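First comes the structure, then the notes that go with it.
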Amino acid sequence: MSLIPLLLLADSRLPGGMHAHSGGLEAAVAAGRVYDAESLHAFLLGRLTSVGLTCAAFAAAAALELSSGVVVGEDGFQSREAAALDDEYDARTPSPQQRETSRALGRHLLRAVRAGWPSVLLDAVASLHPDGPHQPIAFGAAAAVAGLDPGATSSAAALASITGPAHAATRLLGLDPDAVTAVLASLAGQVEQVAAAAAKAARGPVEELPAVCAPLLSISAEHRRAREVRLFAS
């Protein structure tokens with residue numbers, strides 16, 4: 001397995017749409033819950049061990065399911081497991097705003113990844129839902145066509161769940177980028193633990209995949225709809 005696909009998918013600069021999203025950080029900053037490097041660390045750790053774990057497990061499960069290729073017949077994409085993964089992730093995302101954001105990010109990610117690894121598999125996954133697949137399913141598909149195994153996929157997905165919000169902190173709080181990098185580095189051990197747990201869970205039944213969510217993130221996502229001034233899309 002080449003490290004290049006892993007590095008590209010884990011890079012927050014990948015044009016998959018994350019640059020326009022804060023992962024809930026903007027709402028947390030507005031509410032006064034995040035205001036410095038220490039509170040940013042707490043926010044990222046909470047996000048990593050909740051929605052980050054769920055996202056990484058679903059991404060790894062999608063990569064595992066799709067790594068053998070895609071079956072396209074007269075009726076289109078014939079992977080019931082991939083469709084089930086998308087449905088199960090939808091059920092684990094209680095906020096309508098977050099579901100909308102996840103599918104938007106899934107569409108953006110597939111579009112970006114097609115430039116590097118064009119594949120009929122990506123085209124097929126894009127057709128799973130009229131609004132596009134959920135972001136973790138798209139991430140797993142991208143990992144599959146890039147040749148990543150479930151362990152590498154979960155590592156990249158777990159890291160990606162915090163790098164986007166971390167970099168948004170430099171704009172929202174004016175934090176020193178070096179301080180933000182230090183926060184991310186301090187979470188390396190937790191990222192590895194979450195990735196390992198996600199990869200293990202990905203080998204089990206779809207219905208038993210993690211269902212860990214962050215209620216405050218979901219509530220904030222809905223409240224955020226009413227805000228007139230927003231720097232990020234989510």
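The values are calculated or read from the model by the stated rules, or taken from the named source; none is laboratory data. In this text, all values refer to a predicted model and were calculated from it rather than measured experimentally. Note: ideal-geometry Cβ built from the backbone for every residue, glycine included; neighbour counts use all protein chains shown.
Just to verify a result, which residue in region 165-192, among those that are over 28 Å from G151 (Cβ atoms) and of a type in the set (A, V, I, L, M, F, W, C), is modelled with the highest pLDDT?
Here is the first cut: in region 165-192, the ones over 28 Å from G151 (Cβ atoms) are 169-179.
Right, trim to of a type in the set (A, V, I, L, M, F, W, C) and you get 169, 172-173, 175, 179.
Working: A169: 91, L172: 89, L173: 90, L175: 91, A179: 95.
Residue satisfying both the conditions and the ranking: A179.
Going through region 154-186 one residue at a time, which ones are over 15 Å from A10 (Cα atoms) and in contact (Cβ under 8 Å) with a residue 40 or more places away in the chain?
A168, A169, R171, L172, L173, L175, A179, V180, A182, V183, S186
Which residues, taken from region 126-153, are more than 17 Å from A10 (Cβ to Cβ), at pLDDT below 90 and surrounded by 22 or more Cβ atoms within 10 Å (Cβ to Cβ)?
Once the filter is applied, which keeps residues that are more than 17 Å from A10 (Cβ to Cβ), at pLDDT below 90 and surrounded by 22 or more Cβ atoms within 10 Å (Cβ to Cβ), region 126-153 yields only L128.
Among the candidates V145, V120, V113, which residue alone is touching a strand residue (DSSP E or B) at 6+ places or on another chain (Cβ under 7 Å), β-branched (V, I, T) and more than 24 Å from E207 (Cβ to Cβ)?
V120
In region 188-209, how many residues are part of a helix (DSSP H, G or I), in contact (Cβ under 8 Å) with a residue 40 or more places away in the chain and either surrounded by fewer than 19 Cβ atoms within 10 Å (Cβ to Cβ) or over 18 Å from the mean Cα position of the chain (by Cα) (or both)?
Total satisfying the criteria: 5.
Could you grab me the full set of residues in region 14-67 that are in contact (Cβ under 8 Å) with a residue 12 or more places away in the chain and of a type in the set (D, E)?
Across region 14-67, the qualifying residues are E26, D36, E65.
If a residue must be at pLDDT 90 or above, of a type in the set (A, V, I, L, M, F, W, C) and within 15 Å of the chain's Cα centre (by Cα), how many such residues does region 91-112 contain?
So the answer is 4.
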